[in-house]
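What follows draws every value from the coordinates through simple rules; no lab data is involved. Just so it is clear, the model here is predicted, and its values are computed rather than measured. Note: ideal-geometry Cβ built from the backbone for every residue, glycine included; neighbour counts use all protein chains shown.
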Amino acid sequence: MDKTRKVIFITGASSGIGKATALYLAKEGAIVYGTSRSPKIDKEMDKWNIRMITMNLTDDSSVKAAVKEVMDREGRIDVLFNNAGSGISGALEDTNVEEIKELFETNFFGMVRVINEVLPHMRKLGTGIIINSSSIGGVIGLPYQGVYSSTKFAVEGYSEALSKEVRRFGIKVCILEPGDFKTGFTSRRKFSAATSKKSCYYEDFLKTVSVFESDEINGCKPEIIGKLINKIIHTSNPKLRYVVGNFEQKLSVLVKKFLPGRVFEKIIINYYMGKGIKTNDELERVDKRLNL
Ligand SMILES: NC(=O)c1ccc[n+]([C@@H]2O[C@H](COP(=O)([O-])OP(=O)(O)OC[C@H]3O[C@@H](n4cnc5c(N)ncnc54)[C@H](OP(=O)(O)O)[C@@H]3O)[C@@H](O)[C@H]2O)c1
């Protein structure tokens, strides 16, 4: 056991932000364990000795087994990065309770399952950092991503409370709030089953999807989150929240705190529903994605 190297556990390290962070931290000398429902190791991950473990966040026994595997091998987890997550888009009225429960199972209860398994070990050691991935959508209720926003608001409340409970055990909790990043998230996002061209929400929905998908496709590179996580885990007193993204996205979080609620709401409505698809190529891309 090499006690000079931090042991990092990253959920959802097969793609996007999780994979980029796994690589960044491994290159910085950490011992990195990543999870996926169907793990694959590519050449670069192999080169940096990243170990991938099978884990499905929605399954208690799968989460228990994954954490046990790391504990058996390393005897400790210094940093838990609860990164795995997915999205759904659709008008809230067009989204049923089963679809909402499904997303909460991954984005919220999945995170809770992992924390409940890791926390007793961190508590015994009297040290540890837990970083929970929220989103700017966990600070601003995003139209047509309302269910996704709800899961991330839940992550925010849970993390804020957890931080106060575990501080006295030497455990630090941080909330990561990314803006738009270019990852596998966009193509994996589901659409509510009842979404239809006949829905009274369709026109605004279509405009909004075209805006946020375009923001993601042209978004920041996930590597910058790897760099930020590396900074957080080497800071003696990390902040509770880290907003990461482009300038306008970071500004929107700040502005929300100061503007009257209805004024801020108008700005968001205008941003997403006042713009929308600009070119035929874009229309074709969004049409294909929705496949209605
Ligand atoms: N991209 C953005 O613009 C953005 C913005 C704000 C916040 N975020 C947040 O950042 C986190 C990472 O997203 P990303 O953009 O990197 O997306 P991504 O490229 O789609 O990666 C998502 C990861 O989560 C894992 N995952 C999804 N469902 C899972 C489940 N049920 N059990 C276990 N693992 C599961 C996936 O692993 P497998 O499919 O291999 O199991 C994958 O490794 C998410 O929490 C997301 O909400 C992303």
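Structure notes:
- Against the numbered list (1) closer than 30 Å to Ile269 by Cβ; (2) crowded, with 19+ Cβ neighbours inside 10 Å, Gly141 comes up short only at (2).
- Entirely in the range 170-271, the helices (runs of 4 or more DSSP H) that have 1 or more residues that are touching a Phe, Trp or Tyr at 6+ places or on another chain (Cβ under 9 Å) and away from the ligand (no atom under 16 Å from the Cβ): 202-217, 223-233, 247-258
- Each residue in the range 36-61 was checked for being buried (at least 17 other Cβ atoms within 10 Å of the Cβ) and farther than 19 Å from Gly16 by Cβ, and 0 of them qualify.
- Where helices (runs of 4 or more DSSP H) fall wholly inside the range 1-105, the ranges with 1 or more residues that are within 22 Å of Ile229 (Cα to Cα), within 15 Å of the ligand (Cβ to nearest atom) and under 22 Å from the mean Cα position of the chain (by Cα) are 16-27, 43-47, 60-74.
- Listed by first and then second residue, the pairs with beta-carbon distance under 8 Å, at least 6 apart or on different chains, first residue in the range 135-158 and under 16 Å from Phe205 (Cα atoms), second within 11 Å of the ligand (Cβ to nearest atom) and part of a loop (DSSP other than H, G, I, E, B), are Gln145/Gly87; Tyr148/Gly87; Tyr148/Ser135; Tyr148/Leu142; Ser149/Ser135; Ser149/Leu142.
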